[in-house]
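Working notes, beginning with the structure itself.
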Amino acid sequence: MFASCADPSSLEGLAWLACYLTNGKHLLFYGSFGTVLLLLAVTAPVSLAFGFAGAMASRSRFLPLAWAGKIYTSVVRGVPDIVFFLFFVIALDQGIEWLRHQALCPGWTEPVRQGSDFIVCPEAKMPLSTAPQTVHEIYNFSLAVVTFAIVFGAFAANVLYGAMNAVPRAQLETAHAYGMNDRQTFWRILVPQMWVYALPGLGNLWMILIKATPLLFLLGVRDIVYWARELGGSKTAIYAYPHPDWRLYYFLFLLVFYLAFTRVSEIVFERLSRKLSHGQATAAGEAQRRQA
Amino acid sequence: MSCWETFSAYAFRSLGIGERLLPKADITLCEQVVLIGSGLIWNIYFAAFALLLGFFLATALAVAKDTPSPWVRKPAEWFIFLFRGSPLFIQFFLAYEAFVLLPKAGIEFTLFGIEFGATTRWLTRAWLGATIVLFLNTAAYTGEIFYGALRSIPKGDLEAADAYGLTGWHKFRRVVWPTMLRLAWPAYTNEAIFLFHATTLVFFSGFPAWKQMGDALYYANYFADATFNPFIPYPIVAGFFVCMTLVIISLFGAINKRLNRHLPQARRRKIALRLNLIR
C-alpha cells in the first residue's frame, strides 16, 4: 500500500508491522468486518419482518394459518440453529436450482437425483457457471441472509407474539368502542404500543444475532473468521511477510471486537428502553414520572 | 447389510468401537439413523459434564458477584461479561489455538517424580478441551441467572433466617441457596437446553474429530456431503434433538417439582419454555 512497503524483507520492527497490517489481504480482512455489519444490517429488518408475519399468523383466527405460524416458531426454536444453517444453505440452493430446472428445461428427461448426485441442466445452475466470482459470492451471501432471517424470524415471531398479547386488553376494547374495526385496532392501537413490551426480547435477540455472525464462516462466506484463520496461519519464507502461527492473536482481536460490539449494543438498548418507557403505563414509565 | 448388523457395527462408532470405515456408497436410512444416534453420545457427554461442573462454578460466581467487596465482585463480573459477551464459536477457536500453543510454550514440569507436561496434549482433543470451554461458558450464563435469583430472594425469607439465629454457611445452605435454586430453576432449564444445542458447535470450530469420531451433527454433515441430499440427515438430527430436549425438560421438571414441594399448590412455578439461540 505504501511505497516503503515495496520490499518487506528489508523492513524491521514497527515499520514491518505497519506494512504487514496494511497489505492487500489485511485490507480484505478489514473489509470482511463490513460483511458482518452488512449481514446484521440486512438480517435484522428482514427477520423482524419474518417475525412480524409469523406473529400475525399465530394470532390469526383462520386455524390452519395459526397452526402454520406456531409450528414455524416452535420447530425452529427446538432444534440447534446450526443444524438449520447447514440445512438451509444446501436445501435452498437445491430448491432454487430445481425450480429453475423445471421452468427452463422442460425437455430434460433424466431424473434430477441420480444416486448421490444432484444434476440439473446447465441453464438452471444458480449462479451460471460462466458467472464471475463476485456473483457467486453475492449469491452465497444472500443464501446466508435468507437462512439467518428464517431462523431469527422464528425467534422474533415468538417475542412479538408475546408483546402483542401483553398490550392491555382495555386498550383494544376502547378502540372497538370507538368504532374501529379489527384492522384499524391492530395497526393504530396494538402495533404502536407493543414495541415497549417487545424491546427487552428484541434486545436479547439482537445480542444473540451478533453472536451468531461467526457462523457465516460455516456457510462458506469469506467473513472475519475465515480471514483470521487464513492470515493467522504460519507463513513460511516464500510469503512476503513470513511469521509463525499467529491465529491466537487474530482470534483475540475478534473476541475484543465482539465484546466491544455487544457492550455498545447493551448501552444503546438501555437508553432506548428508557426513552420508550416515557409516558407508558408500566413500572418503568411510572418511575420516570415520579422522578420528574 | 441388515439393519441389526448396521447397528452392531456403528452404534458405538463415535467412541471408536466397531467398524472403522464410515459407509461410503449406497448409504441406507438405517446407517444414517444409527451413526447419527451414535454421535449423540458425544453431545450428551459434553452437555452432562459441562452442566454438572458448571453448576458449582456458577453458584460461586453468583455469590461472588453479590459480594460488596470489589476484589471479589469485579473478577466475577468480568468473567461473566467475557463469556456472555462473545460468541461461543470464537471462544472455541481461541481456546483451541491457545491449547495448541501450550506445549510449544513449554509448560512441562515434574511433580513428585511424575511428568505433567504430557497432559497439555489432551487439551487439544475435543473430549477435554471443548468440555472446558463449554464448562466455563455455561458457568458464566448460569452465574448470571443465579445472581438474578439471588437478588430476588424474598426479604422475609432472609429476615426469618436471621430470626432463627442462622448465620454464615448455615444461612446460605438452608435458606439462601435452596431459594435461589427454586427461583432460578425455570431459567436454568432453558440454559441447559441451549447448552445441549451448543454442543453441536464443537466439531465445527477448530477441534478436529479424531479418527472421524464426531458428534451427531458431524455425521449428519458427513452424510449430507456424501449423498448431496440434506433432506434426510438433518431432519434425523433435528428429531434426535427434539427428543433429547423433551428428556431434559422432564428431568429438570422433576427437580423443579422437588424444589417447590414446600409451597402451596397455587404458588408453584411452572417451567415456561423460552428457547433462546446460540451464545
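The values are calculated or read from the model by the stated rules, or taken from the named source; none is laboratory data. It should be emphasised that the depicted structure is a prediction, and the values quoted were computed from it without experimental measurement. Backbone-built Cβ (ideal geometry, glycine too); neighbour counts: all protein chains shown.
Summary table below
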quantity: Yes/no for A:LYS235 being away from chain B (no Cβ under 11 Å), in contact with a His (Cβ under 8 Å, 6 or more places away or on another chain) and basic (Lys, Arg); calculated: yes
quantity: Wholly enclosed helices (runs of 4 or more DSSP H) of segment B:1-120 bearing at least 1 residues at pLDDT 90 or above and within 14 Å of chain A (Cβ to nearest Cβ); calculated: B:29-65, B:70-85, B:88-105
quantity: Filtered residues of segment B:84-102 (kept if without any contact (Cβ under 8 Å) to a residue 40 or more places away in the chain and touching a Pro at 6+ places or on another chain (Cβ under 9 Å)); calculated: B:ILE90
quantity: Pair list, Cβ < 8 Å and 6+ apart or interchain, from segment A:204-227 residues that are facing chain B (nearest Cβ under 9 Å) to residues that are surrounded by 20 or more Cβ atoms within 10 Å (Cβ to Cβ) and of a type in the set (Gly, Ala, Ser); calculated: A:LEU205/A:ALA156; A:LEU209/A:SER47; A:LYS211/B:SER86
quantity: Elements of type helices (runs of 4 or more DSSP H) contained in segment B:137-216, each with 1 or more residues being within 23 Å of A:GLY78 (Cα to Cα) and free of Cβ contacts under 8 Å to residues at least 60 places away in the same chain; calculated: B:177-198
quantity: Number of the exception - A:THR185 against (1) more than 18 Å from the chain's Cα centre (by Cα); (2) more than 24 Å from B:GLY85 (Cα to Cα); (3) modelled with pLDDT under 85; calculated: (3)
quantity: Residues of segment B:10-21 classified as surrounded by 12 or more Cβ atoms within 10 Å (Cβ to Cβ) and free of Cβ contacts under 8 Å to residues at least 12 places away in the same chain, total; calculated: 3
quantity: Residue in segment A:216-227 that is surrounded by fewer than 16 Cβ atoms within 10 Å (Cβ to Cβ) and either closer than 30 Å to A:LEU28 by Cα or at pLDDT 90 or above (or both) present; calculated: yes
quantity: Positions within segment A:42-85 being of a type in the set (D, E, K, R) and in contact (Cβ under 8 Å) with a residue 24 or more places away in the chain, in sequence order; calculated: A:ARG59, A:ARG77, A:ASP81
quantity: Unmet requirement for B:ALA62, which otherwise passes all of (1) over 30 Å from A:GLN114 (Cα atoms); (2) of a type in the set (Gly, Ala, Ser); (3) over 24 Å from the mean Cα position of the chain (by Cα); calculated: (3)
quantity: Residue that is modelled with pLDDT of 90 or more, surrounded by 15 or more Cβ atoms within 10 Å (Cβ to Cβ) and away from chain B (no Cβ under 11 Å), where the choices are A:ALA175, A:ALA198; calculated: A:ALA175
quantity: Criterion (aromatic (Phe, Trp, Tyr), over 30 Å from B:LEU123 (Cα atoms) and buried (at least 18 other Cβ atoms within 10 Å of the Cβ)) met by exactly one of B:TRP185, B:TRP169; calculated: B:TRP185
quantity: Pick from segment B:219-242, criterion aromatic (Phe, Trp, Tyr) and either surrounded by fewer than 22 Cβ atoms within 10 Å (Cβ to Cβ) or outside any helix (DSSP H, G or I) (or both), ranking: nearest to the other protein chains (Cβ to nearest Cβ); calculated: B:PHE228
quantity: Out of A:ALA53, A:ALA68, A:ALA41, sole residue that is surrounded by fewer than 20 Cβ atoms within 10 Å (Cβ to Cβ) and under 15 Å from A:LEU209 (Cα atoms); calculated: A:ALA41
quantity: Any hit, segment A:103-115, residues being in a helix (DSSP H, G or I) and crowded, with 18+ Cβ neighbours inside 10 Å; calculated: no
quantity: So B:GLY214, is it touching a helix residue (DSSP H, G or I) at 6+ places or on another chain (Cβ under 8 Å) and either small (Gly, Ala, Ser) or surrounded by 16 or more Cβ atoms within 10 Å (Cβ to Cβ) (or both); calculated: yes
quantity: Matching residues, segment B:34-58, being surrounded by fewer than 20 Cβ atoms within 10 Å (Cβ to Cβ), touching a helix residue (DSSP H, G or I) at 6+ places or on another chain (Cβ under 8 Å) and closer than 22 Å to B:TRP177 by Cα; calculated: B:PHE49, B:LEU53, B:PHE55, B:LEU57
quantity: Which numbered condition B:GLN212 fails, given (1) farther than 28 Å from B:GLN91 by Cα; (2) more than 10 Å from every other protein chain (Cβ to nearest Cβ); calculated: (1)
quantity: Residue match in segment A:132-143 (condition: free of Cβ contacts under 8 Å to residues at least 12 places away in the same chain, more than 18 Å from A:ASP93 (Cβ to Cβ), assigned to a loop (DSSP other than H, G, I, E, B) and more than 29 Å from the chain's Cα centre (by Cα)); calculated: no
quantity: Of all residues in segment A:235-265 being free of Cβ contacts under 8 Å to residues at least 12 places away in the same chain and in a helix (DSSP H, G or I), the one that is farthest from the chain's Cα centre (by Cα); calculated: A:LEU252
quantity: Any hit, segment A:269-280, residues being surrounded by 18 or more Cβ atoms within 10 Å (Cβ to Cβ) and either farther than 30 Å from A:LEU11 by Cβ or modelled with pLDDT of 85 or more (or both); calculated: yes
quantity: Filter result for the condition that a residue is buried (at least 18 other Cβ atoms within 10 Å of the Cβ) and touching a residue at least 60 places away in the same chain (Cβ under 8 Å), over A:PHE88, A:PHE33; calculated: A:PHE88
quantity: Selection count where residues are more than 27 Å from A:LEU37 (Cβ to Cβ), touching a Leu at 6+ places or on another chain (Cβ under 7 Å) and among the hydrophobic types (A, V, I, L, M, F, W, C), scope segment A:148-193; calculated: 5
quantity: Qualifying residue in segment A:158-175 (condition: under 18 Å from the mean Cα position of the chain (by Cα) and aliphatic (A, V, I, L, M)); calculated: yes
